[in-house]
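For reference, the structure discussed in these notes is given below.
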Amino acid sequence: MIRRAEKSDCLNLAALSLQVWLNTYATEGIRKKISEYALSTFTESHFLKLLDQASCNILVYEEEDHLVGFVLVDIESRFNESSSAGYEVVTLYVSTHFQGQGIGKKLLKKIESLYGSPFWLSTWINNHGAIAFYKKLGFQIIGELNFDLEGELHSNHVLSYTGT
């Protein structure tokens, strides 16, 4: 089931984010910068603040009352100050245990039905599974940006989806 996130979901959103983020980005193990970023960013209060932002929306995907995925959009965010790429999908996370079941695709289709297309997102250049997933859905690489992890710059592809 897909629905809008509520304040009562924020603790679970934080836990799922920690699970997915660490599984995706801590591929060589845990170190101080990774731990500090993950534990200071993915908090219940972080998601409560996002729910209060008018430009943001979080949709959750549940199976049997368990959160297994979510998508966060910022309808005001633009890539390179251009409106041609549309709004931003800030985060699309699906629990590792549920990947490959069409949940990410369903969440993206839901936001497209709510906000239209085009939209854009970024993903780490070494996240080959995510890149293949997005390309299979029709996303195109339109640029790059860097994720700053406490002074370490990590290259990300920017992908755009223009619709079906």
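The values are calculated or read from the model by the stated rules, or taken from the named source; none is laboratory data. This one's a predicted model, so the numbers in the text were calculated from it and none came from an experiment. Backbone-built Cβ (ideal geometry, glycine too); neighbour counts: all protein chains shown.
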Verdict on Tyr87 being within 16 Å of the chain's Cα centre (by Cα), more than 27 Å from Gly143 (Cβ to Cβ) and among the aromatic types (Phe, Trp, Tyr): no
Do we find that Ser117 is in contact with an Asp or Glu (Cβ under 7 Å, 6 or more places away or on another chain) and small (Gly, Ala, Ser) in this structure? no
When only residues in the range 131-149 that are touching a residue at least 12 places away in the same chain (Cβ under 8 Å) and among the aliphatic types (A, V, I, L, M) count, which is farthest from Gln101 (Cα to Cα)? Leu149
How many residues are small (Gly, Ala, Ser), at pLDDT 95 or above and surrounded by 13 or more Cβ atoms within 10 Å (Cβ to Cβ) when one looks only at the range 110-121? 0
Scope the range 126-164; condition in a loop (DSSP other than H, G, I, E, B) and at pLDDT 90 or above; matching residues: Asn126, Asn127, Leu137, Gly138, Phe139, Thr162
So, Ile141, is that one over 28 Å from Glu6 (Cβ atoms), in contact with a Leu (Cβ under 6 Å, 6 or more places away or on another chain) and among the hydrophobic types (A, V, I, L, M, F, W, C) or not? yes
Do we find a residue being surrounded by fewer than 20 Cβ atoms within 10 Å (Cβ to Cβ) and either at pLDDT below 95 or among the aromatic types (Phe, Trp, Tyr) (or both) anywhere in the range 83-94? yes
Would you point out the residue of the range 21-46, among those that are over 21 Å from His97 (Cβ atoms) and in contact (Cβ under 8 Å) with a residue 40 or more places away in the chain, that is surrounded by the most Cβ atoms within 10 Å (Cβ to Cβ)? Ile34
Criterion violated by Val71 - all others in (1) at pLDDT below 95; (2) surrounded by 17 or more Cβ atoms within 10 Å (Cβ to Cβ); (3) of a type outside the set (Gly, Ala, Ser); (4) closer than 22 Å to Lys110 by Cβ satisfied: (1)
